[in-house]
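First the structure, in the form of structure tokens, and then the observations on it.
The values are calculated or read from the model by the stated rules, or taken from the named source; none is laboratory data. Not measured: the values here are computed from a predicted model. When we count neighbours, we look across all protein chains shown, and the Cβ atoms used for this are built from the backbone with ideal geometry, even at glycine.
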């Protein structure tokens, strides 16, 4: 099958025939991996990322359990106003 690369916002895209997607059991909004393999573009079905709890996300962000981390918040001096800011 031959198709055309089309403009899609700031990117380009290719429309995939419904029969192709049905054959590999893909539907709209399914997650896929796209890899470049020996000069070919390969699209593979992938498992959806598991939902992470807020706690797990914070641990990834801080690198440790956030309950054990002392978070220090300081006031930041951004300097004198440059325009018509109201303070």
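Condition check ((1) part of a strand (DSSP E or B); (2) free of Cβ contacts under 8 Å to residues at least 60 places away in the same chain; (3) surrounded by 10 or more Cβ atoms within 10 Å (Cβ to Cβ); (4) under 25 Å from the mean Cα position of the chain (by Cα)) across all residues:
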{"residue": "3", "(1), (2), (3), (4)": "no, yes, no, no"}
{"residue": "27", "(1), (2), (3), (4)": "no, yes, no, yes"}
{"residue": "30", "(1), (2), (3), (4)": "no, yes, yes, yes"}
{"residue": "42", "(1), (2), (3), (4)": "yes, yes, yes, yes"}
{"residue": "49", "(1), (2), (3), (4)": "no, yes, no, yes"}
{"residue": "58", "(1), (2), (3), (4)": "no, yes, yes, yes"}
{"residue": "66", "(1), (2), (3), (4)": "no, yes, yes, yes"}
{"residue": "76", "(1), (2), (3), (4)": "no, yes, no, no"}
Would you mind stating whether residue 22 is free of Cβ contacts under 8 Å to residues at least 24 places away in the same chain and either exposed (fewer than 10 other Cβ atoms within 10 Å of the Cβ) or within 19 Å of the chain's Cα centre (by Cα) (or both)? no
Which number in (1) at pLDDT below 85; (2) loosely packed, with under 10 Cβ neighbours inside 10 Å marks the one condition that residue 37 misses? (1)
